[in-house]
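The values are calculated or read from the model by the stated rules, or taken from the named source; none is laboratory data. Note that the structure is a prediction, hence the values are computed from the model and not measured. No Cβ is skipped: glycine too gets one built from the backbone with ideal geometry, and neighbour counts run over all protein chains shown.
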Amino acid sequence: MALQVLVIDDEREVNETLGQLLTMEGFDYHYAATGEDGLKLARNLHPDVIVLDAMMPDKTGFDVCRSLKSARLTCGIPVLFFTCLCGANHILQCAAAGGQAHVAKPFDFDTVLNLIREADQWHRDAVKMPATGGFRIAVEQAEESSKGINQMLCSLIAHTAIDDAALAHIGEAFFHLLAATGSMDSKDTTTPKLPLLDVQYTIEPASSITAAKPSGGGIWWTITEPAPGMVHAVQNAENKVESTASVHTSRWLNIWKDFVASSGATTEPHPSGILRLVRRFQAGAMIPPTDGNVIPFNAFNNPKCHKT
């Protein structure tokens with residue numbers, strides 16, 4: 001089966017040129033000129049890779065990508081941002097929206113082609129993603145951080161009955177942490193940045209349900225950082241340890257409170273220097289219909305995800 005690529009870009013010339021090149025490579029090329037049309041095609045076609053423009057007339061590519069990452073049906077599709085926004089803050093913005101790579105316009109086709117093939121391989125491997133993993137959240141490696149978060153979300157889909165709402169909450173929480181590692185404003189040189197965060201996770205599959213253990217699985221996170229900062233600040237606050245307040249500490253605490261609230265996680269007892277969190281999922285949770293689809297759909301049961 002030919003690799004299916006969906007290009008969402010309102011620049012007709014760019015779309016047609018890229019479409020011709022992709023067709024010459026033997027790919028199935030699909031296109032949309034608006035963000036809304038792109039979302040509809042993504043839900044109906046479930047392409048292997050999406051190439052997405054950041055700026056479009058009806059909605060931004062960032063909003064489109066966040067919508068894709070908020071639903072089981074489309075969460076596992078890798079998104080490559082294709083844009084003339086090329087600053088370091090723009091690369092971070094693309095990654096924090098859920099994009100796995102940033103391609104600058106005007107584009108070099110060999111670079112685009114290699115990225116599409118790499119993304120397709122990642123998509124094929126999605127069904128084999130284990131129930132454990134880890135990644136680092138850091139502005140210097142924003143795209144790798146985004147890949148790690150996306151892999152975690154795909155693992156949740158593969159191993160649990162997580163619904164769209166819970167999936168969206170967890171994804172948004174981690175992508176917001178990634179955004180907090182740097183400033184989205186290239187002129188902002190004063191905002192304190194988050195320290196590097198190392199995240200390890202373990203997912204308890206829904207298949208582990210027993211009479212003595214009726215819950216529907218869940219996910220545990222262990223979060224550490226190479227240099228003391230947010231983690232210790234949070235621990236001090238939790239343990240009511242008096243310490244000198246600072247702008248950095250205050251900001252980290254606020255970010256962490258937002259993260260815990262949006263992810264739905266609860267903290268567990270943890271040794272010094274480590275944060276432990278858990279979120280449980282109910283057994284047998286029905287996956288709600290999405291945008292008119294009346295049959296609950298698991299993207300990992302899609303035959304296109306099992307190509308050989």
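Descriptive notes on the structure:
- Enumeration of residues in region 89-132 that are of a type outside the set (A, V, I, L, M, F, W, C), in contact with a Pro (Cβ under 9 Å, 6 or more places away or on another chain) and in contact (Cβ under 8 Å) with a residue 60 or more places away in the chain: D120, H123
- The C-beta contact set for region 3-28 (first residue in contact (Cβ under 8 Å) with a residue 12 or more places away in the chain, second residue of a type in the set (K, R) and in a helix (DSSP H, G or I), distance under 9 angstrom, 6+ apart or interchain) comprises L3/R117; Q4/K304.
- Whichever residue in region 16-44 is touching a helix residue (DSSP H, G or I) at 6+ places or on another chain (Cβ under 8 Å) and part of a loop (DSSP other than H, G, I, E, B) and, among such residues, is farthest from T111 (Cα to Cα): A33
- If you go through region 256-275 and pick out every residue that is modelled with pLDDT of 80 or more, part of a helix (DSSP H, G or I) and out of contact with any His (no Cβ under 8 Å at 6 or more places or on another chain), you end up with 2.
- Out of Q151, Q141, Q121, sole residue that is more than 19 Å from K69 (Cα to Cα), in a helix (DSSP H, G or I) and either under 11 Å from the mean Cα position of the chain (by Cα) or modelled with pLDDT of 90 or more (or both): Q141
- Hits in region 51-62 - residues which are under 22 Å from H176 (Cβ atoms) and either modelled with pLDDT of 95 or more or surrounded by 24 or more Cβ atoms within 10 Å (Cβ to Cβ) (or both): L52, G61
- From the list I91, I77, the one residue that fits, being crowded, with 20+ Cβ neighbours inside 10 Å, of a type in the set (A, V, I, L, M, F, W, C) and assigned to a loop (DSSP other than H, G, I, E, B), is I77.
- Selection status of V64, of a type in the set (V, I, T), under 21 Å from L153 (Cα atoms) and outside any loop (DSSP other than H, G, I, E, B): yes
- Residue-level check: of (1) in a loop (DSSP other than H, G, I, E, B); (2) modelled with pLDDT of 90 or more, P192 misses just (2).
- Residue match in region 3-15 (condition: among the polar types (S, T, N, Q), in contact with an Asp or Glu (Cβ under 8 Å, 6 or more places away or on another chain), within 22 Å of A158 (Cα to Cα) and in a strand (DSSP E or B)): yes
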